[in-house]
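The values are calculated or read from the model by the stated rules, or taken from the named source; none is laboratory data. This structure is a prediction, so every number in the text was calculated from the model and none was measured. Because the Cβ atoms are built from the backbone with ideal geometry, glycine has one as well, and the counts that use them run over all protein chains shown.
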Ligand SMILES: [Zn+2]
């Protein structure tokens, strides 16, 4: 028992040290671009083709701190401008990354996820330990969407839903559930700086690659975003549950993702220095049986969850908010 405890303590310490220097998480490259594709088939949103932009009047209920550099932007125009539900959802799916969660003091442990942004956008797990509040943030904004709907304020109903969706989507990205395979952390803990750079490179190159595939409208990526299936029954499913579920499914996949990235990107990803792949060469569509094809399969597994969970969240909102 005693030696087991020692091992557990060691692993916790190692991971805590690792997480302390973990890069701040940004997650999927362009939530807005992906969301626009995912919601193309949500015909029920057509009932909300004209929604008037309204002033933010939620200071009494929307009380969680925002970053000092965050400013409320109205992309479609100021209050009174006419927009649509689909535009609001796509335009503000990225809003939580616009300094909303940066430079805040939220938890004594937030350094373990690279700062306040990582703390709010991640749900990193090791054994029974969890670092971050991603699922709670998804729920927080969902609940505010309920409040806005109760007030008859459709603009903020959809804008708060877009924010809730951001966190649910983040948590379907594997590296938001665990920063690296535990074996890699233990093996490389002796060269700690290198380990941190390795993790940052794996995280960001994956997102860059995914973002480019979406930007170039890769057929496989488009198909996955369009076809992600929502949960059939939504009873008992909440925004927070979707977030937790996403990380639970994503964590084991990191063990496959990591070595595939070594093969596909090459060993420079583990060089210990910031490195980004040559975007001109990696843009070709993967040939079957190549490491790139295997890599696509794994990314598309989580992208399918991103799509399906987004649809499920909208389904929950449609039912729960009587939209
Ligand atoms: Zn995020």
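Annotations
Per-residue answers, yes or no, for (1) surrounded by fewer than 19 Cβ atoms within 10 Å (Cβ to Cβ); (2) more than 14 Å from the chain's Cα centre (by Cα):
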residue: 209; (1), (2): no, yes
residue: 215; (1), (2): yes, yes
residue: 225; (1), (2): no, yes
residue: 239; (1), (2): no, no
residue: 251; (1), (2): no, no
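- Only listed residue being outside any loop (DSSP other than H, G, I, E, B) and free of Cβ contacts under 8 Å to residues at least 12 places away in the same chain, chosen from 163, 130: 130
- Region 297-323, residues that are part of a helix (DSSP H, G or I), over 18 Å from the mean Cα position of the chain (by Cα) and in contact (Cβ under 8 Å) with a residue 12 or more places away in the chain: 315, 316, 317, 318, 319, 320
- Some residue of region 32-47 being part of a loop (DSSP other than H, G, I, E, B), farther than 23 Å from residue 214 by Cβ and free of Cβ contacts under 8 Å to residues at least 60 places away in the same chain: no
- Within region 172-288, helices (runs of 4 or more DSSP H) holding 2 or more residues that are modelled with pLDDT under 90, out of contact with any helix residue (DSSP H, G or I) (no Cβ under 9 Å at 6 or more places or on another chain) and on the phi < 0 side of the Ramachandran plot: 192-215
- Positions within region 96-119 being away from the ligand (no atom under 15 Å from the Cβ) and crowded, with 23+ Cβ neighbours inside 10 Å, in sequence order: 112
- Scoring residue 153 on the criteria (1) touching a helix residue (DSSP H, G or I) at 6+ places or on another chain (Cβ under 8 Å); (2) away from the ligand (no atom under 16 Å from the Cβ); (3) touching a residue at least 40 places away in the same chain (Cβ under 8 Å) leaves a single failure, condition (1).
- Filter pass, residue 102 being over 22 Å from residue 139 (Cβ atoms) and either in contact with a helix residue (DSSP H, G or I) (Cβ under 6 Å, 6 or more places away or on another chain) or not in a loop (DSSP other than H, G, I, E, B) (or both): no
- Identity of the residue in region 79-95, in contact (Cβ under 8 Å) with a residue 40 or more places away in the chain and in a helix (DSSP H, G or I), that ends up nearest to the ligand (Cβ to nearest atom): 95
- Qualifying residue in region 114-130 (condition: at pLDDT 95 or above and at positive phi): no
- From the options 35, 57, residue that is at pLDDT 95 or above, out of contact with any strand residue (DSSP E or B) (no Cβ under 9 Å at 6 or more places or on another chain) and within 16 Å of the ligand (Cβ to nearest atom): 35
- Residue among 64, 76 that is part of a loop (DSSP other than H, G, I, E, B), surrounded by 14 or more Cβ atoms within 10 Å (Cβ to Cβ) and touching a strand residue (DSSP E or B) at 6+ places or on another chain (Cβ under 6 Å): 76
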